[in-house]
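The values are calculated or read from the model by the stated rules, or taken from the named source; none is laboratory data. These figures come from a predicted structure and were not determined experimentally. Reconstructed Cβ throughout: ideal geometry from the backbone, glycine too, with neighbour counts over all protein chains shown. Accessible surface areas use protein heavy atoms only, side chains included; no ligands, DNA or RNA. Shrake-Rupley method; radii C 1.70, N 1.55, O 1.52, S 1.80 Å.
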Amino acid sequence: MIHFAEAVLPGHPDKFCDRIADAIVAEAVAADPYAFAQIEVGVWSDEAWLSGNIVSRKPMARSPSEILVQAGLSIGLDSSNRVDATRYRITDTVCRNIDDPTEGREICDDQSIVVGYAGYDVLTRYLPPEHFLVHYLAEHLWLQCSEGMLKGCGPDGKVLISMREEERVWTLETVLVTLQQSEGLGLMDLTRGIHLSMKEAYSRLRALDRRWTTDWSGVEVLVNPNGPHLRGGSDGDNGQTGRKLVMDYYGPRIPFGGGALAGKHPAHIDRLAAKAARQAAVHAVQTGARDCTIRLAYAPNRNVPIQEVWEEGGQGARQAKGYFDFDRMLGRMESGLPECDRGTGIFAWDLPAQPMLRPIGPVPNKTGVTL
């Protein structure tokens, strides 16, 4: 069976919008743990648009426009990049209301379809191996852009992989990297740096998980097939919140329901139920199931799901009746918006009863090439 998956770096315009939206949500719930927030962000060229609504009992410490600028600077969108967050012309139409946001919040107020999935094992973070691998490589690539041998490149970039799965033999066939390169860095030097960093990351993964059988020398690697890539981010493409849902959830071969994660307060049914379903599916696999898919449907003004369907390979432990009731999920909700939940998708979420797998450290530049 052939599988493929894609992930983007934090400076991709769609992911940048997710990052901004969740930074605004995080600021709102920091001001008021029960804040209501729904935020949409769009960017193009040096223009940025913010819309939505925030209701909290206390004002936020920073405005949405200030949060946008800081979010950009935190990933390198500064004067050294063709996109400088301080130069965005920002249209901010976010309604900010100082009021009690808790009225009616104990009842589910929207309809939603939610899917939670887990499979394989902890070495793939209970994700399909192709989806795990592309996120793993993208995280490593971003680390190299931030503090390793590709420092100064990005923050816009994409990784796409294709692989072949036959029982416990996983054959990596293609790795495609499109990366915004720094001014003055030639395409050949960029290609060499990406080859070295991806090879190092993949070799470490193979040492940990022998199901990845392909030696790096047998992988087709493509780098910036369109040629030099200097105009990244919103300088070359428009971005909008919620346009990387396949990446945010389980990859192309697993259904994911219908709700975006970014830009919604933690108690929104799309976000709240997605996390609960993912955690329950992981628990089922940790306790014996080969894989588990949980499908939920919710109606407004009704706390109990109108449908709850479990599909398991093998037998794992199921959560007790009522686990997915809106008020019970609300009672288990953490305060604030954890960093690992902000604009990242489920790959970064902490796993139930399992320590977080950290990205590997930066690879030093040993080539003698100035990158």
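Here are a few things to note about the model shown:
- Residues of region 191-235 satisfying the condition of being assigned to a loop (DSSP other than H, G, I, E, B), more than 15 Å from Gln181 (Cβ to Cβ) and in contact with a strand residue (DSSP E or B) (Cβ under 8 Å, 6 or more places away or on another chain): Arg211, Thr213, Thr214, Val219
- Single condition Tyr250 does not satisfy, out of (1) within 19 Å of the chain's Cα centre (by Cα); (2) hydroxyl-bearing (Ser, Thr, Tyr); (3) assigned to a strand (DSSP E or B): (3)
- Among the residues of region 1-44, just one is out of contact with any Gly (no Cβ under 9 Å at 6 or more places or on another chain) and either β-branched (Val, Ile, Thr) or within 17 Å of Tyr88 (Cα to Cα) (or both), namely Ile2.
- Filtered by the rule that a residue be in a helix (DSSP H, G or I), open to solvent by less than 10 Å² (accessible area, probe 1.4 Å) and closer than 18 Å to Asp84 by Cβ, region 16-50 gives Phe16, Cys17, Ile20.
- Scanning region 88-117 for residues that are modelled with pLDDT of 95 or more, surrounded by 15 or more Cβ atoms within 10 Å (Cβ to Cβ) and under 27 Å from Arg302 (Cα atoms) gives Gln111, Ser112, Ile113, Val114, Val115, Gly116, Tyr117.
- Checking each residue in region 54-81 for being in a loop (DSSP other than H, G, I, E, B) and crowded, with 17+ Cβ neighbours inside 10 Å picks out Met60, Ser63, Ile75, Gly76, Leu77, Asn81.
- Index of the failed condition, Met247 passing every other in (1) open to solvent by 60 Å² or more (accessible area, probe 1.4 Å); (2) closer than 20 Å to Gln144 by Cβ: (1)
- Residue under evaluation Leu337, criteria (1) open to solvent by less than 20 Å² (accessible area, probe 1.4 Å); (2) modelled with pLDDT of 95 or more; (3) touching a helix residue (DSSP H, G or I) at 6+ places or on another chain (Cβ under 7 Å); (4) closer than 30 Å to Val94 by Cα, criterion not met: (2)
- Residue list for region 112-169, filter: assigned to a loop (DSSP other than H, G, I, E, B), within 28 Å of Glu312 (Cβ to Cβ) and of a type in the set (A, V, I, L, M): Leu127
- Subset tally (residues that are closer than 21 Å to Ala348 by Cα, touching a Leu at 6+ places or on another chain (Cβ under 8 Å), open to solvent by 10 Å² or more (accessible area, probe 1.4 Å) and among the aliphatic types (A, V, I, L, M)) for region 139-182: 1
- Glu6 being surrounded by fewer than 24 Cβ atoms within 10 Å (Cβ to Cβ), closer than 30 Å to Leu176 by Cα and under 19 Å from the mean Cα position of the chain (by Cα): yes
- Cβ-Cβ under 8 Å pairs, at least 6 apart or on other chains, region 64-77 side polar (S, T, N, Q), far side open to solvent by less than 10 Å² (accessible area, probe 1.4 Å): Ser65/Leu50; Gln70/Ala85
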